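Reading through the structure tokens given below for one structure.
The values are calculated or read from the model by the stated rules, or taken from the named source; none is laboratory data. Remember, predicted model here, so these are calculated numbers, not experimental data. As a convention, Cβ positions derive from the backbone with ideal geometry for all residues, glycine included, and neighbour counts pool all protein chains shown. Ligands, DNA and RNA are stripped out before the accessible areas are found, and what is left, the full protein with its side chains, is counted by its heavy atoms. Shrake-Rupley method; radii C 1.70, N 1.55, O 1.52, S 1.80 Å.
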Amino acid sequence: MPHPSVVLATAGYDHTIRFWEATTGRCYRTLQYTDSQVNKLEITPDKQYLAAAGNPHIRLFDVNSSHPHPVINYESHTNNVTAVGFQCDGKWMYSGSEDGTVKIWDIRAPGCQREYESRAAVNTVVLHPNQTELISGDQNGNIRVWDLTANSCSCELVPEVDTAVRSLTVMWDGSLVVAANNNGTCYVWRLLRGTQMITNFEPLHKLQAHNKYILKCLLSPEYCEPTKYLATTSSDHTVKIWNVDGFREERTLTGHTGWVWDCVFSVDGAFLVTASSDNSARLWELSTGEAIRVYQGHHKATVCCALHDGTEPSAV
């Protein structure tokens, strides 16, 4: 198979993963994920592999092969896997699950290397750009920082008691973290390094972004300068784009007819891909707020999307 310069994949409740030509909207490969729905997708930094998080397992597929079966299966979670991601050079993977754990995996081996106990269903996990801390959010409203060097929880905070933290995102330079919850609220903190090199949270802003659930919040990538954006997707069928400078609303993206579960920016921050339970994914041009491509082919809710249109680390 050709090695695409842009890897775009979507998945959801029809037990398939679909790969798309981003510009034409053509689906060029479909993988069957027979065991469960797919909750999250993530592409390795080198564009070689795609991780698909299901219930209760994670499957790793070869992006550039026509082989239909996973390369490795990761099996030690006992409930829905709700978060998956990779360390910057792709050597290890992290995950979070409704079984209440955050896990770290060696990408080359099926066994779990480390496990952290959150004591509540984990909805979201992000890796700090320093590559030494994981930040998790759970169904009970707790945010925890897991120090991978000390192998312990170094910080704990609860922005709203008994309000599930649905999504977390960290600015590419480690300066901000945003947590979105089931009340439609985003909490924004400055991240400061303490004397023991432990990350401290300094409250910066509280944003009432939607009147319904926020399902995903995402800060724009490094090459989106000079303006930094926050995207929020919601059960109200919309996506909102906020200017991080003052958290002013720049645009509302309308067109989906179901909950918008996931989003991912292009590497330059000019485009956004969204996944919705209206069975479609969309490509939005953020300068106009227009959907310039609709990816149709899933037969049930499309709840996750992954995009890698940047250069591989080895090429930089």
Open item on the list: I'm trying to understand the selection: among the residues of the range 238-278, which are polar (S, T, N, Q), touching a residue at least 24 places away in the same chain (Cβ under 8 Å) and not in a strand (DSSP E or B)?
Closed with: Thr238, Ser266, Ser277
TODO: Being touching a strand residue (DSSP E or B) at 6+ places or on another chain (Cβ under 6 Å) and not in a strand (DSSP E or B) is the filter; apply it to the range 214-229 and report the residue that is nearest to Asn243 (Cα to Cα).
DONE: Ser220
Task: Residues satisfying the stated conditions in the range 175-191, i.e. open to solvent by 10 Å² or more (accessible area, probe 1.4 Å) and not in a strand (DSSP E or B) - done: Ser175, Asn182, Asn183
- [ ] Test Ser266 against the stated conditions and say whether it is polar (S, T, N, Q), open to solvent by less than 10 Å² (accessible area, probe 1.4 Å) and either under 29 Å from Gly174 (Cβ atoms) or over 18 Å from the mean Cα position of the chain (by Cα) (or both).
- [x] yes
- [ ] Name, by its number, the condition in (1) more than 18 Å from the chain's Cα centre (by Cα); (2) modelled with pLDDT of 95 or more; (3) open to solvent by 10 Å² or more (accessible area, probe 1.4 Å) that does not hold for Asp35.
- [x] (2)
- [ ] Only residues that are among the aliphatic types (A, V, I, L, M), closer than 25 Å to Gln131 by Cβ and part of a loop (DSSP other than H, G, I, E, B): list them for the range 31-89, please.
- [x] Val63, Val71
Open item on the list: Looking at the range 90-101 only, could you name the residues that are among the small types (Gly, Ala, Ser) and either in a loop (DSSP other than H, G, I, E, B) or closer than 12 Å to Ile135 by Cα (or both)?
Closed with: Gly90, Ser95, Gly96, Gly100
- [ ] Could you please let me know if Ser136 is modelled with pLDDT of 95 or more, in contact with a Phe, Trp or Tyr (Cβ under 8 Å, 6 or more places away or on another chain) and not aromatic (Phe, Trp, Tyr)?
- [x] yes
- [ ] Kindly check whether there is at least one residue in the range 3-17 that is part of a strand (DSSP E or B) and open to solvent by 30 Å² or more (accessible area, probe 1.4 Å).
- [x] no
